[in-house]
Amino acid sequence: MTNPENAQPYQGLQSAYQPAYSQSDQQRYPGGGYPQPGQPAQGYLQQGYPQPGAAQPGYAQYPASDPTAVVGARVGQYIVDGLLAAVPIIALWVLGMGAIGAIATSSYDVESGGYSDGGAMISSLFLGAMGLLGVLSIVIQWLVFAWWPSRHGGQTIAMRWFKLRIITEDGGQPTLGALSLRWLLLIVDGFLGGLVGLLIMVNSARHQRLGDSVAKTLVVRVD
């Protein structure tokens, strides 16, 4: 004869482990007390967790890649443009010194062992050549860093090779005046071999040197 106490030894445990959902829980979780696949659970804020690809209010959104993050390329571009500007300056220097040397040789009096005017003419020629060379140097650098990009879509010669472009802060093409102001401030940015401009770019939100900030320009990567 079966003992009634041992007939169903797990009967009490079955009821003990049944999910104890209240009526409100059942309303929140239809279909047996669990949320259905693909449906958000009612009673919970859906915006509590960010959805994939969804922007969250109150947080700044940043692009996947920053087109102004081209500091390394800008260093290379500045060096190459500087060398391109230096080539005609060096050539003019060699020609000028050669001309002065030829004049000095022809005006030298071998018998007296000197110049008839004490070398005043040679000194004047040398100083004049240095002044002219300084002016030409400024003009050539302005042509390379300001005039050329104003006529070629915001790109210097080296920028075309490094795939860089100068644009305004609102995405337009800078004017010759803005490019000239930007070039003029190379006096500050180019100090200590360009180290000052490099430090400013690295610590700027949009990698602007002082000339860019004043002229309201950006240097961006182009395809």
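The values are calculated or read from the model by the stated rules, or taken from the named source; none is laboratory data. Source: prediction; values computed, not measured. Glycine gets a Cβ as well: all are built from the backbone with ideal geometry, and neighbour counts include every protein chain shown. Side chains are part of the model used for accessible areas, which takes the heavy atoms of the whole protein and leaves out ligands, DNA and RNA. Shrake-Rupley method; radii C 1.70, N 1.55, O 1.52, S 1.80 Å.
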- Task: Please go through segment 191-223 and pick out each residue that is part of a loop (DSSP other than H, G, I, E, B) and crowded, with 18+ Cβ neighbours inside 10 Å.
- Result: GLY194, HIS207, GLN208, ARG209
- For segment 172-213, which residues satisfy the criterion of being over 18 Å from the mean Cα position of the chain (by Cα) and of a type in the set (Phe, Trp, Tyr)? PHE191
- Message: Looking at the structure I just gave you, is ALA120 surrounded by 14 or more Cβ atoms within 10 Å (Cβ to Cβ), small (Gly, Ala, Ser) and under 30 Å from THR105 (Cβ atoms)?
- Response: no
- Exactly one of ALA129, ALA91 is surrounded by 13 or more Cβ atoms within 10 Å (Cβ to Cβ), modelled with pLDDT of 75 or more, aliphatic (A, V, I, L, M) and over 20 Å from THR156 (Cα atoms), and that residue is ALA129
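Okay, residues lined up against (1) touching an Asp or Glu at 6+ places or on another chain (Cβ under 8 Å); (2) among the aliphatic types (A, V, I, L, M); (3) farther than 19 Å from VAL71 by Cβ:
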{"residue": "ILE140", "(1), (2), (3)": "no, yes, yes"}
{"residue": "SER150", "(1), (2), (3)": "no, no, yes"}
{"residue": "GLY197", "(1), (2), (3)": "yes, no, no"}
{"residue": "THR217", "(1), (2), (3)": "yes, no, no"}
- Task: Residue by residue through segment 154-174, note down the ones that are more than 19 Å from VAL71 (Cβ to Cβ) and touching a residue at least 24 places away in the same chain (Cβ under 8 Å).
- Result: ILE157, THR168, PRO174
- Among the residues of segment 137-153, is any without any contact (Cβ under 8 Å) to a residue 24 or more places away in the chain and not in a helix (DSSP H, G or I)? yes
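Residue check: is GLY177 open to solvent by 20 Å² or more (accessible area, probe 1.4 Å), part of a helix (DSSP H, G or I), free of Cβ contacts under 8 Å to residues at least 60 places away in the same chain and over 24 Å from SER213 (Cβ atoms)?
no
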- Message: Among the numbered criteria (1) closer than 30 Å to GLY98 by Cα; (2) modelled with pLDDT of 95 or more, which one does GLN208 miss?
- Response: (1)
